[in-house]
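K.L.:
This structure is in structure tokens; I'll ask about it shortly.
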Amino acid sequence: ALGTAFKWVGVPNRGTNVNVLSNALGIMASEDNTVVNIFGYNPACTFRQGSTEEGITDDALTITLNKGQSFVLEAPTNASNTAQQDGWIGASITANLPIAVNYGQMHYQPSVINNQDCGIDQIIPENSLGKEYIFVRGNGVDAMEFPVIIATQNDTKIYVNGSTTPLATINSGDYFQVPSTYYSSHSTSASVAGANMYLRTSKEAYAVQAVAGDVHTATGDINFIAPVNCLLANEVNGIPDVSDIAGLTISGG
């Protein structure tokens, strides 16, 4: 996951409870004297500095970190500045030495709703991305279930479900929210867990997915989706039961 060029990814934070919604980026250095540049976000975006929500107003940021140090940049939402909803999506994060990057939204509401949850994930650098993605729906309704594609290069065409006509064309740093109706099944009021979507881009791009654990809108989450390639694991060996891990019975949890 270490690299020197990333994009700030996430899901537009469109909910009504703006006082509890926020979007964050976490950066950790792997070597001393790491210089990180963050730029390309909407100039209207502001970021927290200590207890001041709008304490950072710069249009570009430069941070120097030593090995093991982290920097967190937070863009809280507010009712008076709609740029806080999505103006940070697609911002560039570059460094002179390898860094690790994660993103999080605590809390987030992907549509105009009044229930929220939090999501967080780690991403990979731009040079590890691909052009093919498969999305599988969770347990939510359409308002909570959709992919978001973030371009790393200009003239990135997005094709869905084998179509030869691009659904959208976006430039570097832009994002496109793929409508839920492109899943193999969809519903505005019921779960269609397991419905799927195949997506291809003409150039390497980031893909994240808004999902939910239930039809209730307070169960949202965000997943970073790895591209389809020959390096993916050939086995899924998760832990569905904390008392049974790889055949070993665990007690006391």
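The values are calculated or read from the model by the stated rules, or taken from the named source; none is laboratory data. Predicted model only: the values in this text are computed from it and were never measured. Note that we place each Cβ from the backbone using ideal geometry, even for glycine, and neighbour counts take in every protein chain shown. Protein only, heavy atoms only, side chains kept; ligands, DNA and RNA dropped before computing areas. Shrake-Rupley method; radii C 1.70, N 1.55, O 1.52, S 1.80 Å.
K.L.:
Is it the case that Ala218 is among the aliphatic types (A, V, I, L, M) and either more than 20 Å from the chain's Cα centre (by Cα) or surrounded by fewer than 20 Cβ atoms within 10 Å (Cβ to Cβ) (or both)?
P.N.:
Details: among the aliphatic types (A, V, I, L, M): yes; either more than 20 Å from the chain's Cα centre (by Cα) or surrounded by fewer than 20 Cβ atoms within 10 Å (Cβ to Cβ) (or both): yes.
Yes; evaluated as a whole, the condition is true for this residue.
K.L.:
Quick check on Ala212: is it touching a Gly at 6+ places or on another chain (Cβ under 6 Å) and either surrounded by 18 or more Cβ atoms within 10 Å (Cβ to Cβ) or not β-branched (Val, Ile, Thr) (or both)?
P.N.:
Considered against the rule, which asks whether it is touching a Gly at 6+ places or on another chain (Cβ under 6 Å) and either surrounded by 18 or more Cβ atoms within 10 Å (Cβ to Cβ) or not β-branched (Val, Ile, Thr) (or both), Ala212 comes out as yes.
K.L.:
Could you list, in sequence order, the residues of the range 117-133 that are surrounded by 21 or more Cβ atoms within 10 Å (Cβ to Cβ) and closer than 17 Å to Asp86 by Cα?
P.N.:
The answer is Gly119, and nothing else.
K.L.:
Looking only at the range 142-177, count every residue that is assigned to a strand (DSSP E or B), more than 30 Å from Asn115 (Cβ to Cβ) and hydroxyl-bearing (Ser, Thr, Tyr) and tell me the total.
P.N.:
Pass one, the range 142-177, residues assigned to a strand (DSSP E or B): 146-151, 156-160, 168-170, 175-177.
With more than 30 Å from Asn115 (Cβ to Cβ) added as a condition, the list becomes 151, 156-157, 159, 169.
Retained after the next criterion (residues that are hydroxyl-bearing (Ser, Thr, Tyr)): 156, 159, 169.
Final tally of qualifying residues: 3.
K.L.:
For the range 178-192, give me the residue count where each residue is in a helix (DSSP H, G or I), under 17 Å from the mean Cα position of the chain (by Cα) and surrounded by fewer than 19 Cβ atoms within 10 Å (Cβ to Cβ).
P.N.:
Pass one, the range 178-192, residues in a helix (DSSP H, G or I): 180-182.
From the residues that got through so far, the ones that are under 17 Å from the mean Cα position of the chain (by Cα) too are 180.
Filter once more, keeping what is surrounded by fewer than 19 Cβ atoms within 10 Å (Cβ to Cβ): none.
Summing the residues that are in a helix (DSSP H, G or I), under 17 Å from the mean Cα position of the chain (by Cα) and surrounded by fewer than 19 Cβ atoms within 10 Å (Cβ to Cβ) in the range 178-192 gives 0.
K.L.:
For Val136, only one of the following conditions fails: (1) open to solvent by 50 Å² or more (accessible area, probe 1.4 Å); (2) under 14 Å from the mean Cα position of the chain (by Cα); (3) among the aliphatic types (A, V, I, L, M). What is its number?
P.N.:
If we test Val136 against (1) open to solvent by 50 Å² or more (accessible area, probe 1.4 Å); (2) under 14 Å from the mean Cα position of the chain (by Cα); (3) among the aliphatic types (A, V, I, L, M), just (2) comes out false.
K.L.:
Within the range 224-253, how many residues are surrounded by fewer than 16 Cβ atoms within 10 Å (Cβ to Cβ) and in contact (Cβ under 8 Å) with a residue 40 or more places away in the chain? Let's see the steps before the verdict.
P.N.:
So the first thing to find is which residues in the range 224-253 are surrounded by fewer than 16 Cβ atoms within 10 Å (Cβ to Cβ), and the list is 228-253.
Filter once more, so that each one left must be in contact (Cβ under 8 Å) with a residue 40 or more places away in the chain: 228-229.
Total meeting the criteria: 2.
K.L.:
Just checking: which of the strands (runs of 3 or more DSSP E) contained wholly in the range 34-141 hold 1 or more residues that are touching a helix residue (DSSP H, G or I) at 6+ places or on another chain (Cβ under 6 Å), over 24 Å from Ile158 (Cα atoms) and free of Cβ contacts under 8 Å to residues at least 60 places away in the same chain? Steps first, please.
P.N.:
Values: elements: 34-39, 47-49, 52-56, 60-65, 70-76, 92-108, 117-122, 130-136.
In the range 34-141, 70-76 are the strands (runs of 3 or more DSSP E) which contain 1 or more residues that are touching a helix residue (DSSP H, G or I) at 6+ places or on another chain (Cβ under 6 Å), over 24 Å from Ile158 (Cα atoms) and free of Cβ contacts under 8 Å to residues at least 60 places away in the same chain.
K.L.:
Given the criteria under 22 Å from the mean Cα position of the chain (by Cα), closer than 29 Å to Ala218 by Cα and not acidic (Asp, Glu), does Ala91 qualify? Spell out the reasoning first.
P.N.:
Numbers: under 22 Å from the mean Cα position of the chain (by Cα): yes; closer than 29 Å to Ala218 by Cα: yes; not acidic (Asp, Glu): yes.
Yes, satisfied.
K.L.:
If Ala195 satisfies every condition in (1) in contact with a strand residue (DSSP E or B) (Cβ under 7 Å, 6 or more places away or on another chain); (2) surrounded by 15 or more Cβ atoms within 10 Å (Cβ to Cβ) but one, which is the exception?
P.N.:
Against the list (1) in contact with a strand residue (DSSP E or B) (Cβ under 7 Å, 6 or more places away or on another chain); (2) surrounded by 15 or more Cβ atoms within 10 Å (Cβ to Cβ), Ala195 comes up short only on (1).
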